[in-house]
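**Q** After the structure tokens below, expect a handful of questions from me.
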Amino acid sequence: MVHRYHINLFWSEADACWIADVPDLTHCSAHGPTPEAALREVETAIDAWLSVQAELGRPAPAARYRPAIYAARDAA
């Protein structure tokens with residue numbers, strides 16, 4: 001499934017792997033040995049996160065996170 005949430009993707013020296021996290025979904029993250037693997041894993045994590053919310057009768061949160069780089073670009 002394609003999600004509308006922003007995903008931060010970065011290399012973690014401490015963990016020696018790629019980390020993907022979703023700022024709009026509390027504690028939703030994943031890791032992998034490559035950027036592609038981390039992205040695949042976080043897509044699974046997003047699906048699971050949203051499924052639990054639905055089971056609890058909670059709506060999916062709005063996609064609100066926007067990296068500062070976009071605000072700087074839009075202001076120019």
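The values are calculated or read from the model by the stated rules, or taken from the named source; none is laboratory data. What you are looking at is a predicted structure, and each value in this text was computed from that prediction instead of being measured. Using ideal geometry, Cβ is built from the backbone for each residue, glycine included, and neighbour counts are taken over all protein chains shown. Just so you know, the surface numbers come from the protein's heavy atoms only, side chains and all, with ligands and any DNA or RNA stripped out. Shrake-Rupley method; radii C 1.70, N 1.55, O 1.52, S 1.80 Å.
**Q** Probe 1.4 Å, all protein chains in place: accessible area of residue 3 in Å², nearest 10?
**A** Spelled out: residue 3, probe radius 1.4 Å, area about 30 Å².
**Q** Which one of 14, 30, 54 has the biggest mean-square fluctuation once the chain is modelled by GNM with Cα springs under 10 Å?
**A** Greatest mean-square fluctuation among the candidates belongs to 14.
**Q** Using the Kirkwood radius over Cα pairs, work out the Stokes-Einstein diffusion coefficient for the chain at 20 °C and 1.002 mPa s, in µm²/s as a whole number.
**A** D, rounded to a whole number, is 160 µm²/s.
**Q** A follow-up question, please. Which order do 64, 40 take by accessible area at a 1.4 Å probe, largest first?
**A** Correct descending sequence by accessible area is 64, 40.
**Q** Further, regarding this structure: Once ligands and nucleic acids are excluded and a 1.4 Å probe is used, how much of residue 6 is accessible, expressed in Å² to the nearest 10?
**A** 50
**Q** Could I ask something else about it? Positive end of the charge dipole of the chain (Lys, Arg +1 and Asp, Glu -1 on Cβ, about the Cα centre): tell me which of 63, 6, 38 has its Cα farthest that way.
**A** The Cα lying farthest towards the positive end belongs to 63.
**Q** In addition: Which percent of the accessible area of the chain is formed by carbon and sulfur heavy atoms (probe 1.4 angstrom)?
**A** Taking all protein chains in place, the chain shows 57 percent carbon and sulfur surface.
**Q** Using a 1.4 Å probe on the protein heavy atoms only, what accessible surface does residue 17 show? Give it in Å² to the nearest 10.
**A** Counting only protein heavy atoms, the figure is 10 Å².
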